[in-house]
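The values are calculated or read from the model by the stated rules, or taken from the named source; none is laboratory data. It should be emphasised that the depicted structure is a prediction, and the values quoted were computed from it without experimental measurement. FYI the Cβ positions are ideal-geometry reconstructions off the backbone, even for glycines, and counts take in every protein chain you see. Surface areas here come from the heavy atoms of the whole protein model, side chains and all, with no ligands, DNA or RNA. Shrake-Rupley method; radii C 1.70, N 1.55, O 1.52, S 1.80 Å.
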Amino acid sequence: MYRFLRTILFFFPAEGVHHFSMEALRLLCGWGPMRRLVAWACRPEEDNRGAGGLVAGPGAGAAPREFFGLRFRNPVGLGAGFDKNALYLRELDALGFGFVEIGTVTPRAQSGNDKPRLFRLPEDQALINRMGFNNDGVGRIADRVRVWRSRTGRDSSLIIGGNIGKNKSTPNEDAWKDYEVCFRALYEVVDYFVVNVSSPNTPGLRELQDKEALRRILTNLQRVNRELSGSLRMRPRPLLLKIAPDLSHDQLNDVVDLAMEIGLDGLVAANTTTRRDGLLTTAERVAEIGAGGLSGAPLRELSTEVVRYCCARLGGRIPVIASGGIFTAADVREKQGVGAALVQVWTGFIYEGPFIVRRVCR
């Protein structure tokens, strides 16, 4: 049924269909009995029954597991960029995701890059996007998460991550200030943070993956983490770093070494790629689309290699969340087989549909 619906939806512009589909789901879930029906149909069976004991590492099915002090009801999360503005937490909870990453969030609202900026490559089961951190600004987004937690999210086990970035107009030398603003604003409403310096769609952002630039951002955030933890009498928020799949081994070594030096809680590997090799889509169509980050099935092997390299270098000292090319249970097993603790889907959700979490966990 979803494949038939997807065929129809793919006749229309990708970004418009994204908003239409999620608004339709929001309308559906606005009525309690229908929301419970959606959850019954889409959530993993263990979630619907209320699963028991914890699993300390990658396990089978939807068994809950614990990493960096958080209990994940299943290992399948939704990556940043899908619900940038925390508009659909109730609906994504009903679909059964173990965790959802909102954002990327910036201090001030910004419209992002010019449209069209999201493109499908159906032959490759892929997307190209150059969204450019379009979001409503950290103040409004923090308020939405707070409201969700006080209402339908009050009894939810859904883990919320906050993916934070800098405004396009902020020079790189002041980027650390933007990350701090977002960190402070979201501190009491999200469960963990991901620092995004790896999107290819904000000019100069990937320069912040340089070891010294990254050290300044992350050291400051850990300082603020200790400060807020003490003043608010809360556990420090887990702090993770999202990296690009296009880094060399030397650059990955720098990232891993810095993660251990600063005491990061984990890595997310990986963001979208700027590479275009090996695509089935015609070169003319790819050239017509232009710049942007490629995600989906073509990223699977590259992402797996980055996860493998990072996990081997880390030696199990901190967990790695795998992202890139995940559509099926076999893809999840591949990522877990090289050391991934959890996984995130995005493009796979678009192509596989609302039952992806249940299907993968089963």
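Details
- Rounded FRET efficiency, nearest 0.05, which uses the C-beta distance separating Ala24 from Arg235 and R0 of 45 Å: 0.75
- Tensor-based shape of the chain (alpha-carbon gyration tensor, a/c under 1.5 rounded, otherwise prolate or oblate): rounded
- Cα gyration tensor shape of the stretch 276-362, rounded if a/c is under 1.5, else prolate or oblate by comparing a/b with b/c: oblate
- Bridging of Lys335 to aspartates and glutamates at a Cα separation below 14 Å is possible for Glu301, Glu305, once same-chain residues fewer than 8 apart are set aside.
- Per-residue packing, averaged as other Cβ atoms within 10 Å, sorts the ranges 307-319, 334-346, 258-270 into the order 334-346, 258-270, 307-319, beginning with the highest.
- Relative contact order (%) - criterion: Cα under 8 Å, at least six apart; region: the chain: 18
- Residue-averaged [θ]222 nm for the chain, counting only DSSP H segments that reach four residues, each worth -39500 (n - 2.57): -12500 deg cm²/dmol
- Annotation: the antiparallel percentage among DSSP beta bridges lying fully within the chain is about 30.
- Note on Phe11 and Lys177: the extension gain reaches 55.5 nm, defined as 0.36 nm multiplied by sequence separation minus the Cα-Cα distance.
- Rolling a 1.4 Å probe over the protein chains gives Asp124 an accessible area of about 20 Å².
- Of the trypsin sites (Lys or Arg not before Pro) in the stretch 94-142, the ones in a loop by DSSP (not H, G, I, E or B) with at most 16 other beta carbons within 10 Å are Arg108.
- Stretch gain in nm, segment Lys115-Ala287, where the contour uses 0.36 nm per residue and the Cα spacing is subtracted: 60.3 nm
- Pairwise FRET efficiency - Asn220 versus Arg108, Cβ, R0 = 22 Å, nearest 0.05: 0.70
- Computed lengthening from Ala329 to Glu45, 0.36 nm per intervening residue step minus Cα-Cα distance: 100.7 nm
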